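Chemist: Structure provided below as structure tokens; questions to follow.
The values are calculated or read from the model by the stated rules, or taken from the named source; none is laboratory data. Every value quoted in this text rests on a predicted model; they were computed, and no experiment measured them. So basically every Cβ, Gly included, is an ideal-geometry build from the backbone, and we count neighbours across all protein chains shown. To get the accessible areas, we keep the full protein, side chains included, count just its heavy atoms, and leave off ligands, DNA and RNA. Shrake-Rupley method; radii C 1.70, N 1.55, O 1.52, S 1.80 Å.
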Amino acid sequence: MQNKEAEIFIYPHPFTLECGEVLPELRIAYHTYGTRAHDDSNIVWVMHALTANSEVADWWPHTVERGKFLDPERWFTVCANVIGSCYGSTGPCTPMPDGSGAMYAGFPRLTVRDIVAAHRLLAAHLGISRLEMIMGCSLGGFQALEWLVEDPEIARLAVLCATDYQCRPWLAAINKAMYMAIEADATYGEPRADAGRKGLEAARAIGLLSYRSHSGYDATQQDPPGREDPFVRRAHSYQAYQGKKLADRFDVYSYMRVCQSSDTHDVSRGRGSFAEALGRIKARCLVAAVTSDILFPPEYHEEMAAMIPQAEMRLINSEFAHDGFLIEHEQLDNLISDFRKAHPATPADAITPAAQPDATID
């Protein structure tokens, strides 16, 4: 599928964040694929992970294809770029509408709930009041869970993969190590999009270790036999390459704000216990874990599935750890296909499309 331009929804009103600060307006970049059914019975909303964008066909290969779980001939898929990012939605490097320029390091901190509140504004603009399926992996799963808890009627089905219902100390510690690397770069804080680049490269190299596993590195980064310099390792060059690769496409301020949003993830905040919060979910949920994931291991998913009223747990067998949700698309496709077949829609699931509110598109 050829790359397509993002559409832009402008919410031309102040948007108050949980931290108390106010953004004067919101720009939300989003992509859609397929044709929307007249009765809205085929809408799938995908939430993207940390540094991805709204173009699902770009970052999740072999999914928006004929016969796959986001088949555009069958499903109408929506994906919005999270606010705080640098792929079209309002973020640290976005010029403010009053002409004051970008906020850079001054851009306010965001929560997962802020991100979901922006998604819900877009959904209202599109006249979407209910989804056939909502799905998210990693940080995308954080968003999907938050939406399901905040609005229990939003979706009939849900897919929650390689994710969790809270930000645990392990993830928070990894995030802090990345922040320290970024803040050690003397250029961090300067009002330009390429500030803190070296810090960002180092942070990405740190984060990458949590996305992979020792077996994955052992399988792909072995040094060639007979290397001349014992201090030069293939794994070294791989880490440096991955850091540069991210810094070439992402800015440090967006990285900080989106990572910091994950620190806030806790579906129970202000809602009682985890069980009480997750117990509000009415969608049938497929909870899928990657067997080798050290960031969100299978036992986290087992806990989550046990607290969601209509949830079933499945495993994706992979040595690619957390990144397995991107790589093992065939396994995920089979899981989702079986899940859909086991829970077909009934006449009682008919959707009444919502009226579209007034909004601005450019």
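Chemist: Just for the chain, what percent of DSSP beta bridges are antiparallel, to the closest 5?
Modeler: Here the share of antiparallel DSSP bridges comes out near 40 percent.
Chemist: Okay, next question. Just to confirm, what accessible area per residue do you get for the chain at 1.4 Å probe, in whole Å²? Write down the numbers at each step before the final one.
Modeler: Values: 15620 Å² over 362 residues.
Dividing the accessible area of the chain by its residue count gives 43 Å².
Chemist: Also, quick follow-up: When we measure straight from the Cα of Lys245, which aspartates and glutamates land under 17 angstrom away, once same-chain ones fewer than 8 places off are left out?
Modeler: Correct list for Lys245: Asp58, Asp194, Glu201, Asp323.
Chemist: By accessible area of protein heavy atoms, probe 1.4 Å, what ranking do Glu228, Glu55, Glu319 get, highest first?
Modeler: Values: Glu228 180, Glu55 20, Glu319 115 Å².
Listed by decreasing accessible area, they come as Glu228, Glu319, Glu55.
Chemist: Output needed: Cys residues of the chain lacking any neighbouring Cys C-beta below 4.7 Å, sorted by number.
Modeler: Cys19, Cys79, Cys86, Cys93, Cys167, Cys259, Cys285
Chemist: Just to make sure I understand: if all protein chains stay in place, what is the order of His343, His214, His31 by accessible area at 1.4 Å, largest first? Please list the in-between numbers first.
Modeler: Working: His343 30, His214 145, His31 10 Å².
Descending accessible area places them as His214, His343, His31.
Chemist: At a probe radius of 1.4 Å, what is the per-residue accessible area of Ile327, in Å² to the nearest 10?
Modeler: 80 Å²
Chemist: Ser215 accessible area, nearest 10 Å², 1.4 Å probe?
Modeler: Here the residue's solvent-accessible area equals roughly 40 Å².
Chemist: Could you give me the percent of Cα pairs per 10 Å distance bin for the chain, shortest bin first, beginning at zero and ending with the bin that holds the maximum distance?
Modeler: Pair shares across the bins are 5, 24, 34, 25, 9, 2, 0.
Chemist: Let me ask you something else. Can you tell me which of 181-192, 216-227 comes out highest on packing, and rank the rest after it, using the mean Cβ neighbours within 10 Å?
Modeler: Numbers: 181-192: 16.2, 216-227: 11.3.
The packing order, highest mean first, is 181-192, 216-227.
Chemist: Continuing with this model, one more query. Using a 1.4 Å probe, how large is the accessible area of Tyr179, given in Å² and rounded to the nearest 10?
Modeler: For Tyr179, solvent-accessible area is about 20 Å².
Chemist: Could you work out the relative contact order of the chain? I mean the mean sequence separation of Cα pairs under 8 Å and 6+ apart, divided by the number of residues, in percent.
Modeler: On the way: 742 pairs, mean separation 72.1, N = 362.
That works out to 20 percent.
Chemist: Using 5 Å bins from zero, what percent of all Cα-Cα pairs in the range 78-226 falls into each bin?
Modeler: Histogram of Cα-Cα distances, whole percents per bin: 2, 8, 12, 16, 17, 15, 13, 10, 5, 2, 1, 0, 0.
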